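Structure first, commentary second.
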Amino acid sequence: FCGVRAATSGDVPALLGLMRELAVFERYLDRFAVTEAELLRRGFPAAGEPEYFAFVAESPTGLAGYAVYYLIPFTYDLKPS
């Protein structure tokens, strides 16, 4: 294990592979609809804040895991949580 860091657009192919493996394990591959293009569009937009964020765990042989989350602005202060 080498560490955890914010995902970059270059991680998208490996990240998608890990997501697909989870879909197989949890038996929803037939409904799995994530694509590289959507991960890039929603996670790494050309302008503005990303809609989704991800962290990746690295190992000496590549990505070993990930955590995906999104921000929700609170209505009382409009700050992300």
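The values are calculated or read from the model by the stated rules, or taken from the named source; none is laboratory data. These figures come from a predicted structure and were not determined experimentally. Ligands, DNA and RNA are excluded from the accessible area calculation, which covers all protein heavy atoms including side chains. Shrake-Rupley method; radii C 1.70, N 1.55, O 1.52, S 1.80 Å.
Listing for the model above:
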quantity: Cut-off under 5 Å, modelled amide H: who pairs with residue 65 long-range; calculated: 57
quantity: 16, 22, 29, ranked by accessible area, largest first (probe 1.4 Å); calculated: 29, 22, 16
quantity: Accessible area of the range 1-51 belonging to carbon and sulfur atoms, whole % at 1.4 Å probe; calculated: 58
